[in-house]
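S.K.: The structure is given below, and queries will be raised subsequently.
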Amino acid sequence: MPTSDEPTSDEPTSAPDTDQAAPWWRTAVVYQIYPRSFADSDGDGIGDLPGITSRVPYLSSLGVDAVWLCPFYPSALADGGYDVDDYRDVDPRLGTLADFDDLVTALHAADIKILVDVVPNHTSDRHAWFVEALASPAGSAARNRYIFRDGLGPDQDRPPNDWESLFGGSAWEPVGDGQYYLHMFAAEQPDLNWHDDSVRADFRATLRFWADRGVDGFRVDVAHGLIKDLNEPYRPWSEISEVIRPDGSHPLWDREDLPEVYREWRAVFDEYVPPRIAVAEASVHPTRRSRYAASDGLGMAFNFEMQDADWLPSDYRRVIDSGLGDLSRGETPTWLLGCHDSPRVATRYGLARNPGRNSQQTARDWLLTDGRLPELDRALGERRARAAVLILLALPGSTYVFQGEELGLHEVGDLPSAALQDPMAQRSGGKEKGRDGCRVPLPWTPDGPSYGFGPGPANLPQPAWFADYSVASESERADSTLSLYRAALALRRVLATGDEFGWLDSGWLDSGDDVLAFRRPGGWVSVTNFGGQPVGLPDGQLLLASGALPDGRLPSDTTAWFRVP
Ligand code: GLC
């Protein structure tokens, strides 16, 4: 029986059988980079591509298989770069195409793949197509690339219907000649019309443009939104504001004819050797994820259920079973605890001591109080987040890590209103604080003008507590979250082979329902104690634990990996 007061890591004595045939992406750990908040090389406060290239050694030492770069294209940053002016260029503040090529070369030399974000649901209002549409009359081919409709009333001064943008306010914006255009996000993000063949052809050209430059794959933004039913009569917003449905009946989201678009994309991916890969951001009912993850479509779709789960064994078991359902259909489960759109996981899990209250909504409510109420228990949140990531990394499939999660970063809950950049904060009229609190530039060193992010101040204010969470500080501490991630990713490379998975029932450790344990190939076992009391450990070799194991027992909110006979 192992005993330890410190998190422990031991190399397994022998690697289990490996499945050489599995393609890299089926077990990849993908690190999500939000470029303007990662590393700033030139001191303008905005992270850039040379900044990322300079940190490739860090990504190597972390042990990730791939990075996903959020948008770095020319943009007014009305929505953090998801308002794209030109899909086939680099924002001059972030670098040049030559800088992009250098980044790809550096990543590939380090054996790290790269995925780029493609944003097909909408362009920015500065995109050449939209500028042309505004200069063209109603009914023109240029307007047909977007979704223009006549306003209502004798003066056409009322929007075509009462639909609301997901960022708040009307989904329709007038253009001054009696017509309105649809934007499901910010007004600076006009929705494209995917019934127009020129739109479809141009996006295939964009995919080829980046694939030719060596990218290994794509993350597809709002993948469930492209095809819309704008037939009248329009259904009232009160009927369709609930967007996630199990049956494809929503006029705006997850339409039945959407997979056809992705079959066209798959044909493009398959022009390359090896074929390019893709992962869908699709907020759809779990039973409909397959429509995006199908092998003749995008191939993978994020499972967002873990991001919404409470820190409860029942929630985790349900979500894992749901992902295993994907696996049984031959798909690749795609796990994540957070991303650039959700409150930081360490904060979510530290907001309420009582189980059942760690929802994203709890965290959003907390943000509205400027991070004061309810009280945040930082240590508790970090402990649970560390236990959670060991669960994810032990599951079959691919795992996404949002930059800063490996440092255990919390949400910055007290950003001053004047500093907020997210259109969600502006358009919701104070109902939402928005997503800036997880996008604050990373701390690399315990001091300096922006904690090592760059030579000058960062584009969002960083809190003083960032010093303790910097890469340099955490690299020195064996018990830091960064050290845990490094150890876990190194072990996973050896252990994560094949798809085999089996639950170990509560009788296995004589532990009750608060313990979640499962077995993977080669006797690899992951055990998590969600309960309030320490439990005994199994017989076997301790490989790694998310926290100390006093008296040889597994305390609450802790995961440990073992090799058992
Ligand atoms: C996706 C992105 C989010 C963005 C939205 C509109 O959900 O992840 O950041 O605001 O699409 O593009």
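Quick note: the coordinates plus some simple rules give every number you see, no bench work behind them. All values reported here derive from a predicted model rather than from experimental measurement. Glycine also receives a Cβ, built like all others from the backbone with ideal geometry; neighbour counts cover every protein chain displayed.
S.K.: Between 0 and 90 degrees, rounded to the nearest ten: what's the tilt of helix 197-212 against the longest Cα principal axis of the chain?
M.R.: It is inclined by approximately 40 degrees.
S.K.: Kirkwood Rh and Cα-based Rg: tell me the resulting Rg over Rh for the stretch 79-218, rounded to two decimals.
M.R.: 1.07
S.K.: What is the angle, in °, between the Cα long axis of helix 378-394 and the longest principal axis of the Cα atoms in the chain? Nearest 10 is fine, range 0 to 90.
M.R.: The two axes meet at around 90 degrees.
S.K.: Over 46 Å, how big is the tail of the calculated P(r) for the chain, in percent of all Cα pairs?
M.R.: 12 percent
S.K.: Sticking with this structure for a sec: Could you tell me the convex hull volume per residue, in Å³, taken over the Cα atoms of the stretch 381-481?
M.R.: Output value, Cα hull per residue: 128 Å³.
S.K.: Here is a follow-up. Rg to Rh for the stretch 477-536: what is it, with Cα atoms only and Rh by Kirkwood?
M.R.: Taking Rg over the Kirkwood Rh, I get 1.03.
S.K.: Once the Cα atoms of helix 259-269 and of the chain are each reduced to a long axis, what angle between those two axes, in degrees from 0 to 90 to the nearest 10, is obtained?
M.R.: 70 degrees
S.K.: At most 13 other C-beta atoms within 10 Å and a DSSP loop state: those are the exposed trypsin sites (Lys or Arg not before Pro) I care about. Give me the longest piece of the chain that has none.
M.R.: Free of exposed loop sites, the longest segment is 1-328.
S.K.: Would you kindly give the portion of the calculated P(r) for the stretch 128-182 that falls above 17 Å, as a percent of all Cα pairs?
M.R.: Counting pairs separated by more than 17 Å, the tail of P(r) holds 35 percent.
S.K.: Provide the percentage of antiparallel DSSP beta bridges, counting only those with both residues in the chain; round to the nearest 5.
M.R.: For the chain, the DSSP antiparallel bridge percentage is about 60.
S.K.: Hey, rough spin-label estimate for E500 and R378, points 7 angstrom out along Cα→Cβ, what's it come to in nanometres?
M.R.: With each label placed 7 Å out from Cα toward Cβ, I get 4.3 nm.
S.K.: Right, here's the next one. Dipole of the chain, Cα-centred, from +1 at each Lys and Arg C-beta and -1 at each Asp and Glu C-beta, to the nearest 20 debye?
M.R.: 680 debye
S.K.: Would you list T347, T287 from fewest to most Cβ contacts within 10 Å?
M.R.: The fewest-first ordering by Cβ neighbours comes to T287, T347.
S.K.: Now for a separate question. How do F148, F453, F501 line up, fewest other C-beta atoms within 10 Å first?
M.R.: F501, F148, F453
S.K.: Going by C-beta contacts inside 10 Å, put L393, L380 in order with the fewest on the left.
M.R.: L380, L393
S.K.: Two decimals is fine: what is log10 I(q)/I(0) at q = 0.27, 0.30 Å⁻¹ for the stretch 419-474, from a Debye sum with one equal scatterer on every Cα and no solvent?
M.R.: For the stretch 419-474, the Cα-only Debye profile gives -0.96, -1.10.
S.K.: May I ask which residue of Q179, Y146, G168 lies farthest towards the positive end of the charge dipole of the stretch 128-182, with charges of +1 (Lys, Arg) and -1 (Asp, Glu) on Cβ and the Cα centre as origin?
M.R.: Y146
S.K.: Measuring from the lowest to the highest alpha carbon on each principal axis, how far does the stretch 186-289 reach, largest first, in angstroms?
M.R.: 47, 30, 24
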